[in-house]
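Since the structure comes first, as structure tokens, the remarks are kept for the end.
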């Protein structure tokens, strides 16, 4: 089932938040026309493989742009603008992540485009939103992480850290995809203003509410869960192990598996609140026992007993999980750029037991320019002339 099938989205975005948004919409069945400048999306030259970067098919681009049709348009050229407006006439949505004001300077702002298409959904993704004192500032993921407070609560009390992947960009993209999917149910023009800062803050519900409602200031707690104990990461005889015995019954079963009845009788550990107060002593006692076996051993024993526990995996090992394989989380394309095979993550959900997937590998720059222009009625000679004039 592809719920957005039959809808067309114009993707004017670069790098991550916007491309990730449009990738999700494409997985749901929308036709995504990626409108790139003659230089292409900056992500085409980003990633850990220099050869792919030189080919304008960088790993960062490949990760977010499967299923899209690339057309190159020079939106600073009047013919490029004219062609774009033709695309707008039959599109259902537009997504852009320029700095606020850029599209207006190009003469392609929402107020202009909705006169061309009165049912257009226009989504602008930016670091801080389209207005306000921060709106004109440049915003990269790390900047947003720092301003949101995420770096205050990630790491240790002595040192805050950024989250290890671009969480602000990604959540901003997901937020935009959700808003667009909802807006497409309406039949009139709508303007969606997505702020990465606000999107990220909305995911910090408990942390923010503890401060807003209870007046409890947030702190970094490393790998510990401050709401319960024992709940965190523990070192075993081999490997790290996450345990989340958040309920009294789980705490009791944990002690049974560890064959440690003495911990159940320890006055400092009799209640959940006491265990939280004496977390350091409790963790020391648990790790002393956990050292006798591997993380894999304990994870199997605890899970069997109904105690939430799992080995801490590397990214490489996580992607090898049989759980992901059985549910077909990855799809694979062959012969993409210099790659014999290109594995690709899909959506994080199934619809009617079917995994949404991309219908084609990522395009080389401008690969669909000719066919898209032909569909608009341009002849080969017209297209050649547009290239000569610098509109394409």
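FYI, it's all coordinate maths here, none of it is from the lab. Note that the coordinates shown come from a computational prediction; the quantities given were computed from them, not determined experimentally. When we count neighbours, we look across all protein chains shown, and the Cβ atoms used for this are built from the backbone with ideal geometry, even at glycine.
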Overall Cα dimensions of the stretch 112-190 - principal axes, largest extent first, Å: 54, 25, 15
Checking 371, 70, 37 against a Gaussian network model of the chain (alpha-carbon springs below 10 Å), the top fluctuating residue turns out to be 371
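Given an 8 Å cut-off on Cα distances and at least 6 residues of separation, report the relative contact order of the stretch 231-312 as a percent. List each step's numbers first, then the result.
Details: 114 pairs, mean separation 37.8, N = 82.
Relative contact order here is 46 percent.
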If every alpha-carbon in the stretch 16-145 counts as one equal scatterer, what log10 I(q)/I(0) does Debye give at q = 0.17 1/Å? -1.04
For the stretch 1-68, averaging the sequence separation of alpha carbon pairs under 8 Å that lie six or more residues apart and dividing by its residue count, the contact order in percent is 32
Write down the Kirkwood hydrodynamic radius of the chain, to one decimal in angstroms, obtained as one divided by the mean of 1/r over all alpha carbon pairs. 23.9
Roughly how many Å is it from the Cα centre of the stretch 66-89 to that of the stretch 272-345, as a whole number? 45
Quick one: the Cα spread of the stretch 231-312 along its three principal axes, in angstroms, biggest first? 30, 22, 19
Fewest to most Cβ atoms within 10 Å: 330, 52 sort as 330, 52
Taking the simple approach of a point 7 Å from Cα along Cα-to-Cβ for both residue 152 and residue 5, what is their distance in nm? 4.8
Counting alpha carbon pairs within less than 8 Å and at least 6 residues apart, what relative contact order, in whole percent, applies to the stretch 209-366? 19
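Do the sum for the chain: with -39,500 (n - 2.57) for every DSSP H run of n ≥ 4, divided by all residues, what is the mean residue ellipticity at 222 nm, to the nearest 500 deg cm²/dmol?
Details: 20 runs with 157 residues, N = 392.
Theoretical 222 nm ellipticity from helices: -10500 deg cm²/dmol.
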With a 10 Å cut-off between alpha carbons and a GNM built on the chain, which of 297, 370, 219 moves the most? 297
Counted neighbours (other Cβ, 10 Å), sorted fewest up, put 292, 314 in the order 314, 292
For the stretch 186-263 and the stretch 100-144, what is the separation of their C-alpha centers, rounded to whole Å? 34
Which residue, 346, 13, 294, has the most motion in a Gaussian network model of the chain that connects Cα atoms within less than 10 Å? 294
